[in-house]
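None of the figures in this text is laboratory data; all of them are computed from the coordinates on show. Not measured: the values here are computed from a predicted model. Here the Cβ positions follow ideal geometry from the backbone for every residue, glycine too, while neighbour counts run over all protein chains shown.
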Amino acid sequence: MRKPRELKVKPIKNGTVIDHITSNKALHVLKILGLPDGKSRVTVAINMESLRYGSKDIVKVENRELESSEVDQIALIAPKATINII
C-alpha cells in the first residue's frame, strides 16, 4: 500500500497564525477578519487531524496583526484557539 502524500504549507515569515480553531469554524474566522480582501495572503486548513482535539482548523494571514476586537470575536466561536504573531 502506498503512503499518502503530505501537502506541506510554507510557514509565514510575518503575520498571524490562528491554530486550534474549533473544527469547521475557519470560514467564520475569515468573516470576522474581513477576508479575503484581495490583498492579504491567507492559508486556510479545515478539519485537520489534531491529537489533542480530534480535529481542528488553522488560519494563517501574512503581514497582519489582529485587533483586540477581532481576537474577542474569535474567542467567542473558538474558545480553545491559539493566536501567534510571527
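Mind counting the residues in segment 49-66 that are part of a loop (DSSP other than H, G, I, E, B) and surrounded by 14 or more Cβ atoms within 10 Å (Cβ to Cβ)?
Adding up the residues that qualify gives 2.
For segment 39-48, does any single residue satisfy the condition of being surrounded by 10 or more Cβ atoms within 10 Å (Cβ to Cβ), among the charged types (D, E, K, R), in contact (Cβ under 8 Å) with a residue 40 or more places away in the chain and not in a strand (DSSP E or B)?
Taking every residue of segment 39-48 in turn, none turns out to be surrounded by 10 or more Cβ atoms within 10 Å (Cβ to Cβ), among the charged types (D, E, K, R), in contact (Cβ under 8 Å) with a residue 40 or more places away in the chain and not in a strand (DSSP E or B).
Restricting attention to segment 5-38, and to residues there that are touching a residue at least 60 places away in the same chain (Cβ under 8 Å) and touching a helix residue (DSSP H, G or I) at 6+ places or on another chain (Cβ under 7 Å), which single residue is farthest from GLU67 (Cα to Cα)?
Here the residue is ILE21.
So which residues in segment 67-86 are under 14 Å from the mean Cα position of the chain (by Cα) and in a loop (DSSP other than H, G, I, E, B), if there are any at all?
Listed by number, the residues that qualify are ALA78, PRO79, LYS80, ALA81, ILE86.
Report yes if LEU35 is touching a strand residue (DSSP E or B) at 6+ places or on another chain (Cβ under 6 Å), surrounded by 15 or more Cβ atoms within 10 Å (Cβ to Cβ) and not in a strand (DSSP E or B), otherwise no.
For LEU35, the condition - touching a strand residue (DSSP E or B) at 6+ places or on another chain (Cβ under 6 Å), surrounded by 15 or more Cβ atoms within 10 Å (Cβ to Cβ) and not in a strand (DSSP E or B) - is met.
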